[in-house]
Structure formats: structure tokens, C-alpha cells
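Report on the structure given below.
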Amino acid sequence: MDITSLQNPRVKHIVKLRDNKRQRKQDGLMVVEGYDEIQLALSAGYLPQTLFSAPELVSHPIQGVKAEHITVNRAVFEKISYRENPDGWLAVLPIPSFSLNDLKLSDSPLVIVAESIEKPGNLGAILRTADGAHVDAVLVCDPRVDVWNPNVVRASRGAVFSVPTIECDNSSALEWLKSQKIRILAATPSAEVVYSDSNLREPAALAVGTEDEGLTDFWMSNAELKVRIPMMGRVNSLNVSVSTALIVYEAIRQRSHPQ
């Protein structure tokens, strides 16, 4: 066993990376826990700097990875873990570096613009939808939670590695979308057009905002089209990740059928 002390400097550093956005940004490193999430990162071409495992907890081996591999006891792993029932695998990876100019788009791109999403679970769920629908990119604009927060990685089930995901400001995102001739759709309960009645076959960027405040005036004023999801109950909107999934999959449905 390589590490058995809770006071080991490596253990303390992982805890800082896990809990502190500033530490992640300073070191350019992130923490990824879980066999499935690590395997998805590996399949997407991301190599860990260090792999940590607790033999007492591991049920599936991770093999063929050219990285430092450190074994720890159960107590140490529970110290660095951020899950209730850890499976014994945790990796430290360099934070992926993308820019808008690095994006390679399909012939009719579909992009998600997530503005100021504040809950890791919501952002993670949006990324899972993006992976499932094979969208071209997710632009996380003016974020309140950083993409590389371990809880975002967990909620995305590792989809953060399979979908090109870029943190940027609103203005940069808008300038890039215009340069690519991508139409902007704003999802808002105040829209007159129902999302399923709109033409989503053309290149499009779906802009979604916070659940409490929705999109800011920036995206509302720059959107070519505003769409809504019909609400027949007493609440006026759905969870932002659910709304995103409905509209994105409507775009996929339309694009898979002749007009």
C-alpha cells in the first residue's frame, strides 16, 4: 500500500483539487472519480496524470494506462472520495483546454449555450443530453459553477469528456455563433412559439438560462427566435436540464425526418 496516512501531502492536495475551484485553475488539474467516468475519459483520449485505487473497494481493473498508479487504504480513499459508495477508483487529470476556434462542426451544427447555470447537477445533466444527442458543442457562458467541478463530472457521467465543452463569456460566444452563421434560439416561458412548431433543422444554438431568472437580456435580445415548452399545470417552467433535453431531441427528431 503506497499511502495509508490521512495527513499525506498527496491526499491533502487531492482534497483541495476536489473542493476548490481556484486550486483546480491554478494547477490546471481536476479530479475524476469512478470506474465508468475514468473509462469514458480514457476512451475520449484523455490520460490521467495519476491513478489512485483502493484494493479493498475495487471490483473492476483499469489496465493499460501509462500513468502513475498509487494504491491507498480504504480510510484514505474515503477521505479523497466525493461519493457515498465509492468504487475505489479516482484519477487526477489535466483540465482539457479548448477554444472556440478549436471546434469542428457538422454540416448542420447543433450547439447548446448554457448561461450562468448554478447547479452542478443541472450542468451535468445538460452534458449527458449533449452526449446522447451528439450535439456539436456546449458553450458554458458566464458560469456560476465551473465545468470541471467533480460534481459536474459525476452528474454528467463523464460526458464532459465526450462533448466539446468550452467556458466563455457571452460576447465571445455570440461573436463565434454569428461567424459560423448559427441561428440562436432562446428557450423562455414568455415566448409565443411552441418549440415543436419551430424549424430546428437549420444550424442552431439553443440558449438556456437559470431556473430562477432565465436568460439574461443579452441572449433574449440577440436571439432570432424564442421558443417555449407548453405548461399545463400551475408551475410555469421545467427544470433547465429537462427543457434542454426536450428541445434538443425535437431538433434531432426533425433532422432525422424529411421536411
* With the Cα gyration tensor of the range 9-94 giving a ≥ b ≥ c as the square roots of its eigenvalues, does the rule (a/c under 1.5 for rounded; else a/b larger than b/c for prolate; else oblate) give rounded, prolate or oblate? -> oblate
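Given an 8 Å cut-off on Cα distances and at least 6 residues of separation, report the relative contact order of the range 9-94 as a percent.
Working: 130 pairs, mean separation 35.7, N = 86.
So the answer I get is 42 percent.
Assign one of three labels to the range 197-242, namely rounded, prolate or oblate, based on the Cα gyration tensor with a ≥ b ≥ c the square roots of its eigenvalues; rounded applies when a/c is under 1.5, prolate when it is not and a/b is larger than b/c, and oblate otherwise.
Oblate.
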* Proximal aspartates and glutamates relative to LYS21, as straight alpha-carbon distance under 19 Å, when same-chain residues fewer than 8 apart are discounted -> GLU33, GLU115, GLU118, ASP142, ASP146, GLU167, ASP169
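Would you mind classifying the chain by shape? Square roots of the alpha carbon gyration tensor eigenvalues, ordered a ≥ b ≥ c; an a/c under 1.5 is rounded, otherwise it is prolate if a/b is larger than b/c and oblate if not.
Taking the square roots of the gyration eigenvalues as a ≥ b ≥ c, the chain is prolate.
Roughly what % of DSSP beta bridges within the range 100-255 run antiparallel, to the nearest 5? Numbers along the way, then the final one.
Working: 1 of 24 bridges.
Looking only at bridges with both residues in the range 100-255, the antiparallel portion is about 5 percent.
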* To do: Starting from the Cα of LYS104, draw a straight line to each of the aspartates and glutamates and keep only those under 13 Å, dropping any in the same chain fewer than 8 residues away.
  => ASP136
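Give me the percent relative contact order of the range 100-255, please, defined on Cα pairs under 8 angstrom at least 6 residues apart. Don't skip to the end; give the middle numbers.
Values: 288 pairs, mean separation 41.6, N = 156.
Over the range 100-255, the number comes to 27 percent.
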* To do: Under 30 Å Cα to Cα from LYS16, which lysines show up? Leave out anything in the same chain fewer than 8 places away.
  => LYS25, LYS66, LYS79, LYS119
* Would you compute, from DSSP H runs of 4+ residues alone, the mean residue ellipticity of the chain at 222 nm, taking -39500 (n - 2.57) per run and dividing by the full residue count, rounded to the nearest 500? => -9500 deg cm²/dmol
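Values quoted throughout were computed directly from the atomic coordinates according to the rules given, and no laboratory measurement underlies them. No experiment lies behind these values; they were computed from the predicted model shown.
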